[in-house]
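Nothing in this text is a laboratory measurement; each read-out follows from the coordinates by a stated rule. Please read all numbers here as calculations on a predicted model, not as lab measurements. A quick note on method: Cβ atoms are made from the backbone with ideal geometry, for glycine too, and the neighbour counts reach across all protein chains shown.
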Amino acid sequence: MNRLIRRVVGYLTRHVDGLLLCAVLMLMATGLIVLYSASDGTLTRVSAQMVNMLVALAVMWVFANIPPHFLMRLSLPVFFLGLALLVAVAFFGDVVNGARRWLNLGVTRIQPSELMKIAVPIMLAFYFDRHEATLTLRNYAIAAVLLLAPVALIVRQPDLGTAVLISASGFFVLFLAGLPWKLIAGLTVAALSSLPLAWSALHDYQRQRVLTLLDPMQDPLGAGYHIIQSTIAVGSGGLVGKGWMNGTQTHLDFIPERATDFIFAVYSEEFGLFGNFVLLLLFLLVIARGVVITANAPTLFTRLLAGAITLTFFTYVFVNMGMVSGVLPVVGVPLPLISYGGTSLVTICLGFGILMSIQTHKKLVQT
């Protein structure tokens, strides 16, 4: 009986990276603790988030057992399916809170932009792997078009937060594929030069977010309310925090969206600077493990994909913490593995499953 149990456990864990899984589980547990406080001690959201986590972990396990070469074969159909769904959203999508992001399939609604968070880096990694021996500027230009096509459709919805994350994941693939520094510098100068044009193309609420970042006190009870209250919560935590369930900004309902985008403000108020240091260490452990997997990846495809997933996770953390701390505009990016919500959690764990697959299948790849 014991031998059977060991064989079953061995089979279930043979493509699971133990260190990465432990770090993910610790972050998830932290998320549940903070979510309980953010929900004023009610178990409804915590129970729902536990279900989301179980689904996300199941998705992670499934993708950890899919060999990378099979993902390569899926890259083209998945990318163009996602692109077709984004076009369908533009014409037939449901409008929710002024944004057309959801596609109603009858039995359920889906948000195709979430699929592109994984489909874009897989597609670009596949493209560069196919042209590894003959990379030219033309290849980078084609890759840029493959990236900008879905990003443009997502910006049109509008969904700036998701567009930023997909743009970052795609850029990371281009960068890791050897995008010349001179070209990066030229693109940076061009981007800075086009800021006036980009400003005019922004929606009114997006411009307001930037202006609010520069001076939140210009509208303290309106557009600036989120940033003002979150920065007060972060600062009032001090060194050791006010204690779990004792955050005044949280439990007097000053912090908006405290279970989702601004959950870091709840954590900072209750656990303080030392708590933030521990949380950052956990995030750094995940990122460091991703970097190690990237460095040991046996092929260009797996190296580019692992690097893009790792750096995109870093972008999630950086943007959310910067947003809550008042150094970046509010763009609606959740804190990964901590914020309440199922869609982003499943997407992130799917990426971690791919990282595990790259790590545990590398022995089967001829180098």
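Neighbour counts of other C-beta atoms within 10 Å: give me SER193, SER230, SER113 arranged from fewest to most.
Neighbour counts put them in this order, fewest first: SER193, SER113, SER230.
Modelling each spin label as a point 7 Å along the Cα-to-Cβ direction, I'd like the PHE318/VAL51 distance in nm, to one decimal.
So the two model labels end up 3.6 nm from each other.
What is the P(r) of the chain, as percent of Cα-Cα pairs per 20 Å bin from 0?
27, 58, 15, 0
How large is the charge dipole for the chain, taken about the Cα centre, if only the Cβ atoms of Lys, Arg (+1) and Asp, Glu (-1) carry charge, to the nearest 20 debye?
Dipole magnitude for the chain comes out near 1340 debye.
Which of the DSSP-defined H helices in the chain satisfy a minimum axial length of 20 Å, computed from C-alpha atoms, and a minimum mean Kyte-Doolittle hydropathy of -0.5?
In the chain, the long hydrophobic H runs are 18-38, 43-64, 68-92, 112-130, 137-155, 160-176, 263-295, 300-325, 343-360.
Taking amide H atoms as placed 1.01 Å from N in the peptide plane, list the residues 5 or more away in sequence, or in a different chain, whose amide H sits under 5 Å from that of VAL331.
none
Once amide H atoms are built 1.01 Å from N in the peptide plane, which residues 5 or more positions from ARG109, or in another chain, come under 5 Å H to H?
Amide H to amide H, under 5 Å and 5 or more residues apart or across chains, ARG109 pairs with nothing.
Using a 10 angstrom cutoff on alpha carbons, build the Gaussian network for the chain and name the most mobile of VAL46, VAL327, VAL286.
VAL327
Give me the one-decimal nm value for the distance between modelled label points at ILE66 and VAL95, 7 Å along each residue's Cα-to-Cβ direction.
Distance between the two pseudo-spin positions: 3.5 nm.
Grab the Cα-Cα distance for SER236 and ARG109, subtract it from 0.36 nm times how many residues apart they are, and report the gain in nm with one decimal.
Full-extension gain reported as 41.7 nm.
How would you rank VAL164, VAL120, going from fewest to most other Cβ atoms within 10 Å of each one's own Cβ?
VAL164, VAL120
Looking at the chain as a GNM with Cα springs under 10 Å, which of ALA265, ALA125, ALA288 has the largest mean-square fluctuation?
Highest fluctuation of the listed residues: ALA288.
Where does the charge balance sit around SER39 when Lys and Arg score +1, Asp and Glu -1, over other residues with C-beta under 9 Å from its C-beta?
My count for the surroundings of SER39 gives +1.
Please state the charge dipole magnitude for segment 38-164, taken about the Cα centre, from unit charges on C-beta atoms (+1 on K and R, -1 on D and E), reported in debye and rounded to the nearest 20.
180
With each label point set 7 Å from Cα along the Cα-Cβ vector, what nm distance links ARG138 and ASN296?
3.9
With a ≥ b ≥ c taken as the square roots of the eigenvalues of the C-alpha gyration tensor of segment 119-199, please select rounded if a/c is under 1.5 and otherwise prolate if a/b is larger than b/c or oblate if it is not?
Because a/c hits 1.5 or more and a/b fails to exceed b/c, segment 119-199 counts as oblate.
Can you compute the helix-only [θ] at 222 nm over the chain? Use -39500 (n - 2.57) per DSSP H run of at least 4 residues, normalise by all residues, nearest 500 deg cm²/dmol.
-23500 deg cm²/dmol
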